[in-house]
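A short worksheet on the structure shown next.
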Amino acid sequence: MTHLSTQPFRRPGLRAAAAACVAAFTVAGAAAAASPPVPVPASPAREVQLPPQPPAEQAATPAIPADLLRPGATITMAQVVEIALENNPLTRASYLQARSAAALLGSKRAPYYPSLAASVNFTRSNNSFQDPVPGAPENTYGPAVTLSYLLLDLGGRAANVEDARLGLIAADWSHNATIQGVILGVETAYVGYLDAKAQLEAAAVDVKQAQAVLDAATTRHDAGLGTIAEVLQARTALSQAHLSQQAADGQVLALRGALATAMGLPANTPYDVGRLPADVPLDHATGAVEELITTAKVRRPDLEAARALAAKATAHVRSVRSDGLPNLSLAATANRTYFDPSFGTKYRNNWSASALVTVPLFTGFKSTYDIRQAVADAGVASAQADALDQQVVLEVWQSYYSFKTATQLVRTSRDLLASAEESERVALGRYKEGVGTIIDLLTAQAALASARAQEIFARSSWYMALAQLAHDTGTLPPLDQPIEITKEGVSP
């Protein structure tokens, strides 16, 4: 069963994830602290460890597996997803955004540590009253070390760290949402390509059947039982079947290039995929829409990202308020100054230490307006999270009933196809026996071609509806395995 985990952040495109056509979308931000104060996933209390990013020139180069380059190579859905995750620039950009957020978190933790600076000073001066040689220049130089440490700030550092930590969580959830969006796009392109290939095969069958009708009409005409009009009508139907076949062939090539592009590969990359499954596991689809809505509310990464951003905005309010509060800091300096020329002493050691209490008294009302802005921004983020929550419910509701409709359409289209095949068989037999007309036969044949196309489209639409439902609930199961919809989500 696909699930969200709290393991350390992983870069997309791992073979293990692609082999199942779905990544166990990890939450790096949730590993940044032990107890989030907002409705975000719990996580171990350890620092986020992100793997190093490949060089930019390597990341921008499409990764093409060697076995894919063989002429006529066939790739699976798992391989398609893996290749897309490795090559898609959207996942790369969201990954780098997450790394940027992790670096920002480390930067915000820096004020918890003392800062130490070293310097070297050189000064050349001239004092006209200097003894024993008035007007002679004097050189002073020497090293210095300065230590500063913020001891107390009444919550400012903690608020800044919390702000950055929640920003990291939001960035990682957004990265997961990007991964799911890329996978959905690839699945849609993949199923669309399978549909086009199946439609091309159906068009070839239509051509064979149209040729059989033309042969029957020609035989009847040669025997003096039919008219030349029947032959011409049959020939016209055959030409229309050829035209449909050629259009389907062009559609296959176009969608093949579209799928390659979705994988981040050149459109002319030599590859191929399997066939649209003839058996759709309709009996495995069970469950209630309320259960799927509940699943979506805890698994949708974009919703979790919005919640994290709302919590981040709240933490930012505390950070802004702390700017107007007193703080206590410690400063210490030690240096040695050398004199050239020396007058009684070659050098002098100096040191100082001080504790500084800073109390902001008046900033031109800047702090007041900054706080008002932060509070308003927090309200906006909270409202946006609530709006997305409602949108998620709507999306699950619509995709669930679209999936139910697609399931029923598969059953109905199969009945239609069986009826059309029987009708065409009877019409062809009657025409060959001389008791049926060419119009009846061509009508039955056209109905059969339409029913065959609709049945193929119904199957492909079922898989697309399943992919959309899985995306909207925050889960992405493989499309080539039996599916069960339960309160836990969509799973094989």
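Here, each number is a calculation from the coordinates, and none is a lab measurement. Fair warning: this is a prediction, and the values are worked out from it, not measured in the lab. So basically every Cβ, Gly included, is an ideal-geometry build from the backbone, and we count neighbours across all protein chains shown.
The table below gives the values:
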read-out	value
Approximate spin-label separation Glu290-Val380, in nm, with each point projected 7 Å along Cα-to-Cβ	3.8 nm
Loop trypsin sites (Lys or Arg not before Pro), the range 265-307, which have at most 11 other Cβ atoms in a 10 Å radius of their Cβ (DSSP)	Arg275
Centroid-to-centroid separation of the range 274-340 and the range 357-393 [C-alpha atoms, Å]	17 Å
Potential lengthening between Phe339 and Thr74 on full extension [0.36 nm per residue; Cα-Cα distance subtracted]	87.3 nm
Cα-based reach from Lys208 at 28 Å (exclusive), listing lysines while leaving out same-chain residues under 8 positions away	Lys197, Lys432
Computed lengthening from Leu356 to Ser419, 0.36 nm per intervening residue step minus Cα-Cα distance	13.6 nm
Theoretical FRET efficiency, 1/(1+(r/R0)^6), r = Cβ-Cβ of Ser367 and Arg124, R0 45 Å, to 0.05	0.50
Straight-distance crosslink candidates among lysines, where the alpha carbon sits under 17 Å from Lys297 and sequence neighbours closer than 8 are dropped	Lys487
Per-residue Cβ neighbour rank within 10 angstrom, fewest leading, His221, His175	His221, His175
Loop-resident sites, the range 244-352, for chymotrypsin sites (Phe, Trp or Tyr not before Pro), counting at most 12 other Cβ within 10 Å (DSSP)	Phe343
Full-stretch length increase - Leu328, Arg235 - with 0.36 nm per residue and alpha-carbon distance subtracted	24.0 nm
